[in-house]
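Data first, discussion second: the structure below is written as C-alpha cells.
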Amino acid sequence: MISDILVLLRNTVNEHLTASSGWRGPVPDQGPVVFLDSEKVDSLELKLGAVTLLLVNLEEDHTLRPADPFRLTLPDGTTQRVQPAIQINAYVLFAARFKEYEQGLRCISLILQFFQGRRVLDHENSPALSDRIEKLTMELLTLPLSELNQLWGMLRSAYQPSLLYKVRMAVFQDRDGLSAPQISDPVLRISQ
C-alpha cells in the first residue's frame, strides 16, 4: 500500500508538471518526478535534472482510534474480532536538483501550487487511487532550520530546493478477521 501511495503521488504530480510546463526530459517516458535510483547505500544521490520523491518517515496516528479497536461490524450486522486498523502518516520529500537553479525552483513552485489546489486526493479527483485507500490528505510541513539541517544531514546530501509533505491517512485494516459470534454489549444479570 505504501508503494501505491508513492506511485500515485509521482504519477499525479508528473501529469500536472507535464501539463503545466510542457516537460521534455532526457527520457521520453519518464516525467520530472522520479524515485531514487542509486547503488550507494551510505549517501543519497539525487538525479540531476529531476525532482526526486522519497519516503522520509512513517508514523502511526493514534488520534482517531475507535473505542473498541478489536471489533469490526460487517455490513450484514455481524461483528468480527480483528486486529485494530493501523492509520499511517507518511512523510514524503520532493527534492529538485537541476543544473539551472531556477528550473528547480520552478518545479518546486508548481508542486506547491498543485497540492495547494488539491489538498485531498480521493477517488473522484484521482481515479488511480487504490480501492484500499479512501483518501489521502496532503499537509505541507515547514521545518525549523535546525531540523531541516538534521534531515539533510541524515540523508547525507547537500540541501536542495525541496518540499516536505505529511500524507495522512493510509489505513491498514485486518480484512481476514476471525469469525466470531455476534458481540453484544455486556448485560448485568441479577440473580434472585
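The values are calculated or read from the model by the stated rules, or taken from the named source; none is laboratory data. No experiment lies behind these values; they were computed from the predicted model shown. So basically every Cβ, Gly included, is an ideal-geometry build from the backbone, and we count neighbours across all protein chains shown.
Modelled with pLDDT of 85 or more and either in contact with a Gly (Cβ under 7 Å, 6 or more places away or on another chain) or loosely packed, with under 13 Cβ neighbours inside 10 Å (or both): is that true of residue 3 in this structure?
Details: modelled with pLDDT of 85 or more: yes; either in contact with a Gly (Cβ under 7 Å, 6 or more places away or on another chain) or loosely packed, with under 13 Cβ neighbours inside 10 Å (or both): yes.
Answer is yes for this residue.
Quick one: which strands (runs of 3 or more DSSP E) sit completely within the stretch 44-109 and have at least 1 residues that are out of contact with any helix residue (DSSP H, G or I) (no Cβ under 7 Å at 6 or more places or on another chain) and modelled with pLDDT under 75?
Details: elements: 50-60, 71-73, 79-81, 86-97.
By residue number, 71-73, 79-81.
Find the residue count for the stretch 122-142, including only residues that are of a type in the set (Asp, Glu) and in a strand (DSSP E or B). Before the answer, list the steps.
Within the stretch 122-142, the subset of a type in the set (Asp, Glu) is 122, 124, 131, 134, 139.
Pick out the ones that are also in a strand (DSSP E or B) and you get 122, 139.
The qualifying residues number 2.
Among the candidates 109, 126, 130, single out the residue that is within 21 Å of residue 55 (Cα to Cα), hydroxyl-bearing (Ser, Thr, Tyr) and without any contact (Cβ under 8 Å) to a residue 24 or more places away in the chain.
Working: 126 fails: without any contact (Cβ under 8 Å) to a residue 24 or more places away in the chain; 130 fails: without any contact (Cβ under 8 Å) to a residue 24 or more places away in the chain.
It is 109.
For the stretch 122-159, enumerate the residues that are of a type in the set (Val, Ile, Thr) and within 14 Å of the chain's Cα centre (by Cα).
First pass over the stretch 122-159, keeping only residues of a type in the set (Val, Ile, Thr): 133, 137, 142.
If the condition is that a residue be of a type in the set (Val, Ile, Thr) and within 14 Å of the chain's Cα centre (by Cα), then 133, 137 are the ones that fit.
Collect the residues in the stretch 97-119 that are surrounded by 12 or more Cβ atoms within 10 Å (Cβ to Cβ) and more than 15 Å from residue 16 (Cβ to Cβ), keeping them in residue-number order.
Hits for the stretch 97-119 are 97, 98, 101, 103, 104, 105.
Based on what the data block shows, is residue 13 assigned to a helix (DSSP H, G or I), touching a helix residue (DSSP H, G or I) at 6+ places or on another chain (Cβ under 8 Å) and either surrounded by fewer than 11 Cβ atoms within 10 Å (Cβ to Cβ) or at pLDDT 90 or above (or both)?
On the way: assigned to a helix (DSSP H, G or I): yes; touching a helix residue (DSSP H, G or I) at 6+ places or on another chain (Cβ under 8 Å): yes; either surrounded by fewer than 11 Cβ atoms within 10 Å (Cβ to Cβ) or at pLDDT 90 or above (or both): yes.
Criteria met by residue 13.
Which condition does residue 19 not pass, out of (1) at pLDDT 85 or above; (2) of a type outside the set (Asp, Glu); (3) within 23 Å of residue 155 (Cβ to Cβ), if it passes all the others?
All conditions are met except number (3).
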